[in-house]
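One structure below.
The values are calculated or read from the model by the stated rules, or taken from the named source; none is laboratory data. Here the structure is a predicted model, which is why all the values come from computation and not from measurement. With ideal geometry, Cβ positions are generated from the backbone for all residues, glycine too; neighbour counts draw on all protein chains shown. Keep in mind that these areas ignore ligands, DNA and RNA; they rest on the heavy atoms of the full protein, side chains included. Shrake-Rupley method; radii C 1.70, N 1.55, O 1.52, S 1.80 Å.
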Amino acid sequence: MTKQKAMLIDIKRCIGCLSCETACKQLHGFGTDPEPTLSDTAFTVVETRGGTFVRKVCMHCNDPACASACPVGAIGKTAMGPVVYNADKCIGCRYCMLACPYQVPRYQWTKLAPFVKKCDMCADRIEAGKSTACAEACPVEATIFGDRDSLIAEAWSRIRGDSSYVPRIYGLEELGGGSVLFVSDVPFEKLGFKPAPTGNQPMPTLTASALGDSPKVVIMGGTILSALYWVTQRRHEVALAEAEEKATINRSKGKRS
Amino acid sequence: MIARIKSEITLWRVIVAIIFVTGLYATYIRFFEGFRASTNLSDQMPWGLWVGLGTLCGIGLSAAGFGISAAVYLLGMERYRPILRASILISFLGYLTVMVGYLYEIGLPWRFWHPIVMWNHRSMLFDVCICIMTYTTVLTFEFAPAVIEKLPWKAFRETVLRYHHKILIGVVLAGVLLSSMHQSYLGGLFLIARGKIHPLWYSQYMHALFYLSAIPAGLALTVMAIYLSMRSLNVRVDFSILSDCGRMIQMLLIVYAFFKFLDLVSNQALGYAFQRTSEAGYFWLEVLLFLAIPIFLLSYDFVRSNPERLYWTSAIVVAGFMVDRLNVSINSLQTAMGTHYVPKWTELASSVLVIAAGVIAFRYAVIYLDILPKMTVKPATRWISNAGVPAQA
């Protein structure tokens, strides 16, 4: 079995040099001008939150909301960890954008044949045994790439070795965890990391419970409606028979008199 | 000659012409210049008016078809048979407008067929797509007799209608179940946006609330459509049927209001209604139009038994329903997404075009097919109740 890969982003070490942004843009052939937020030509950006540099990138959830939402199954998580997008299936409904709790997927609004754009964790590169472009470009090991298990161990050792770190790995368990992990010396809440809407439960559970009820509802509803229809029909038949009976009695009465 | 042309130009024809010209121009911009030119959608507001008005309102307001057909075919409420065909026609056309709207909404409209062959059973939207496609087929089947019976080939007509009749009940039953599923799934679409939807609307039972609110709204639209048909076309329905619909709408609205209130209380979201936020304002607008005013008005007999008053009350219900759906799909998201979305004129114009096409199709169907009982004798007064006209279905 392939080991799941991951990226560890160390907010304390980040110096805001934008090497990751530039490397990503170069890899995808976009212009190298830095952008303020994620866009269809910026799959990762370094934002400044109160003097702290915070990288924004797809979290590559273990049970991604976007993948569960996509009506045609164009998004999926590979065994190695990346959440990848299949442009050949996409119909452009943009439900993934509504579903993503981190607001990561972006759309090519200006194109006549627009597609969804987001980080794919360099799926092709890591399949070939290479590292992600952003991790390779980082000069201070603020973003590193490797096996998820060993990165978790590395994160804990960084936290244990330096008391200024917040004792928490963001992305380890939030919404079921993912392949992008954050450690930080500033509390995550202060850096714009919103509280996970479903805690440590993956987002798709929200839909699954409603969808899971539907077979029961359909079977029950179908049975009740059929029963009601049967009652209606039976009543109708009885009413008809009674009317006929009455008519016969009336007719025979008429003969007698 | 000029006088004749002049007499042909009426206010409504001018309005229709404007709707078609602007709508077609907006359509051109949508398909030949793209989303940026034709919408104010953004990465923060990926769904806008087309989904909110076109799909959510379109499907919701088409709920009467399954409601009335369940009442007549399955529950034996023969009383509503005269309005059965009209309600099925409204649903049928409503779903057609949604299908056309779907082509505007998705970025790659030539791939509209992908959900049929590429399945993702975990996706709420996939289930919505499949249900809507299947149910539109059911509606086509339910509506087909109105067209088939007008065909000139007698033997063909009779054979088809005989077989049609044999499987009708099964199809109606399937239709009721399919409708119940996707009416609620439309609300279920927003379940996954927890944390983005404002607490006044987010609930783990959003799908159930969508289902409960769609039926009275669909009935209200049916009342409106039949009123307008009776006013402008040569058809007549016993008005007391519509009166009873009014009573039913009120009852269903009370049920919905009860569960909505219960839901707000159990989610501890009631407090948000009393904050000074725009969401609270939208919420009260919805409560006022969709619940408070109609429930109050419909409790009076002089509203229910007067066609004009019933019509305007139904219009308020429909408007309130639209506010509700737009609240869920647009207004509830703006704060969390950090954006302010106002639809572009092109979004509105294209939506209105599709709706107008549906209305015009309804009008001509009522004129040329047997949708509503045709008036045989012109009554002395307009609103005479003539239960004597045989119901057709």
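Brief remarks follow.
- Just one of the numbered conditions (1) within 22 Å of B:GLY281 (Cα to Cα); (2) assigned to a helix (DSSP H, G or I) is not true of B:ALA174: (1).
- Taking (1) modelled with pLDDT under 90; (2) under 30 Å from B:LEU186 (Cα atoms); (3) in the same structural domain as A:CYS70 (by TED's automatic domain parsing) in turn, A:LEU175 satisfies each apart from (1).
- Residue match in region B:17-34 (condition: aliphatic (A, V, I, L, M) and touching a Ser or Thr at 6+ places or on another chain (Cβ under 8 Å)): yes
Matching residues to (1) modelled with pLDDT of 95 or more; (2) assigned to a helix (DSSP H, G or I); (3) within 18 Å of the chain's Cα centre (by Cα):
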| residue | (1), (2), (3) |
| --- | --- |
| B:VAL72 | no, yes, no |
| B:GLY76 | no, no, no |
| B:ARG79 | no, yes, no |
| B:ILE83 | no, yes, yes |
| B:LEU93 | yes, yes, yes |
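- Set B:ILE88, B:ILE116: member being free of Cβ contacts under 8 Å to residues at least 60 places away in the same chain, more than 7 Å from chain A (Cβ to nearest Cβ), assigned to a helix (DSSP H, G or I) and within 30 Å of A:GLU237 (Cβ to Cβ): B:ILE88
- Of all residues in region A:85-94, one or more are within 13 Å of chain B (Cβ to nearest Cβ), polar (S, T, N, Q) and within 27 Å of A:GLY177 (Cβ to Cβ).
- Sole exception among (1) among the basic types (Lys, Arg); (2) touching a helix residue (DSSP H, G or I) at 6+ places or on another chain (Cβ under 9 Å); (3) not in a helix (DSSP H, G or I) for B:ARG276, by number: (2)
- Per-region count, region A:1-47, residues more than 24 Å from B:MET337 (Cβ to Cβ), of a type in the set (Asp, Glu), in contact (Cβ under 8 Å) with a residue 24 or more places away in the chain and in a loop (DSSP other than H, G, I, E, B): 0
- Of the strands (runs of 3 or more DSSP E) entirely within region A:62-167, those holding at least 1 residues that are of a type in the set (Phe, Trp, Tyr) occupy A:83-85, A:143-147.
Residue by residue, here is whether (1) under 28 Å from B:ASP324 (Cα atoms); (2) in contact with a Lys or Arg (Cβ under 9 Å, 6 or more places away or on another chain); (3) open to solvent by 10 Å² or more (accessible area, probe 1.4 Å) holds:
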position: B:LYS6; (1), (2), (3): no, no, yes
position: B:GLY23; (1), (2), (3): yes, no, no
position: B:THR27; (1), (2), (3): yes, no, yes
position: B:ALA37; (1), (2), (3): yes, yes, yes
position: B:GLN44; (1), (2), (3): yes, no, yes
position: B:CYS57; (1), (2), (3): yes, yes, no
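- Region B:152-187, residues that are within 11 Å of chain A (Cβ to nearest Cβ) and touching a Leu at 6+ places or on another chain (Cβ under 9 Å): B:ILE169, B:VAL172, B:LEU173, B:GLY175, B:VAL176, B:LEU177, B:SER184, B:TYR185, B:GLY187
- Residue among A:ALA67, A:ALA113 that is buried (at least 22 other Cβ atoms within 10 Å of the Cβ) and either at pLDDT 95 or above or within 14 Å of another protein chain (Cβ to nearest Cβ) (or both): A:ALA67
- Per-region count, region A:124-141, residues of a type outside the set (Val, Ile, Thr) and either at the interface with chain B (Cβ under 9 Å from one of its Cβ atoms) or surrounded by 19 or more Cβ atoms within 10 Å (Cβ to Cβ) (or both): 5
- Sole residue being away from chain A (no Cβ under 11 Å) and within 21 Å of the chain's Cα centre (by Cα), chosen from B:PHE190, B:PHE143: B:PHE143
- Matching residues in region B:4-43 - criterion: being polar (S, T, N, Q) and not in a helix (DSSP H, G or I): B:THR10, B:THR39, B:ASN40, B:SER42
- Scan of region A:212-233 for residues that are among the hydrophobic types (A, V, I, L, M, F, W, C) and facing chain B (nearest Cβ under 7 Å), ordered by number: A:VAL218, A:LEU225, A:LEU228
- Residues in region A:9-44 that are surrounded by 16 or more Cβ atoms within 10 Å (Cβ to Cβ), closer than 28 Å to A:GLY161 by Cα and out of contact with any Asp or Glu (no Cβ under 6 Å at 6 or more places or on another chain): A:ILE9, A:ASP10, A:ILE11, A:ARG13, A:CYS14, A:LEU18, A:SER19, A:CYS20.
- Subset tally (residues that are open to solvent by 10 Å² or more (accessible area, probe 1.4 Å) and under 30 Å from B:ASN267 (Cβ atoms)) for region B:220-242: 1
- Residue among A:THR223, A:THR248, A:THR198 that is under 30 Å from B:LEU189 (Cα atoms) and open to solvent by less than 80 Å² (accessible area, probe 1.4 Å): A:THR198
- When B:LYS196 is tested against (1) in a helix (DSSP H, G or I); (2) within 8 Å of chain A (Cβ to nearest Cβ), just one condition goes unmet, and that condition is (1).
- Yes/no for A:GLY81 being closer than 18 Å to B:LEU125 by Cβ and either more than 7 Å from chain B (Cβ to nearest Cβ) or not aliphatic (A, V, I, L, M) (or both): no
- Among the candidates B:PHE302, B:PHE290, B:PHE321, B:PHE296, the residue that is in contact with a Lys or Arg (Cβ under 8 Å, 6 or more places away or on another chain) and either open to solvent by 20 Å² or more (accessible area, probe 1.4 Å) or assigned to a helix (DSSP H, G or I) (or both) is uniquely B:PHE302.
- Output for region B:269-287, where each listed residue is open to solvent by 60 Å² or more (accessible area, probe 1.4 Å) and in contact (Cβ under 8 Å) with a residue 12 or more places away in the chain: B:TYR272, B:SER278, B:TYR282, B:LEU285
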